[in-house]
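Notes follow once the structure below has been shown.
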Amino acid sequence: YRFLYICERKCCVYTKGKNEFTYKCLTKKIRTMLVSIIYLLIVVLLLVSMWKVYEKAGRQGWEGIIPIYNLYVMLQIINRPWWWLLIMIFVPIANIIFSIIALKEFLEKFGKGIGFTIATIFFPFITFPMLAFGDDQFKNE
């Protein structure tokens, strides 16, 4: 015995088995909740990783998780002037270039090369935890 039920603008098929109905599809709410939980876990992982990376760099951990201020601190770590922050925030196209240069120089302080920089641009949720919880040491040279 089968019937269709309209739920949240979507057809859901129910099948009657031994005295119970079996739901054949995930609702939109459950999928949204799962995606939200995964997103939240990634955000928490990145926050913890940034905290640990900034501690490895000899700074306070909280400086790594405050937006904008963490860029300012990163520029201090790599010995770049404060006005780079203005470019990174307000100047289109140049902000991408300056951000990549700053990230490359920041990662070089941990002994990482251009390959790791490229990986960090595309997969920060993988590379920042590797940097934070790995054996890499900060070299202030």
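Only the coordinates and a few stated rules stand behind these numbers; no lab work does. Everything numeric here is computed off the predicted structure, so don't read it as measured data. Cβ atoms come from the backbone with ideal geometry, glycine included; neighbour counts cover every protein chain shown.
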Cα-centred dipole magnitude for the range 37-141, charges only on beta-carbon of K, R (+1) and D, E (-1), debye, nearest 20 | 60
Restricting to Cα pairs under 8 Å and 6 or more apart, the percent relative contact order of the range 33-141 works out to 28
Between residue 89 and residue 108, with labels modelled 7 Å along Cα→Cβ, what's the label distance in nm to one decimal, could you check?
-> 2.6
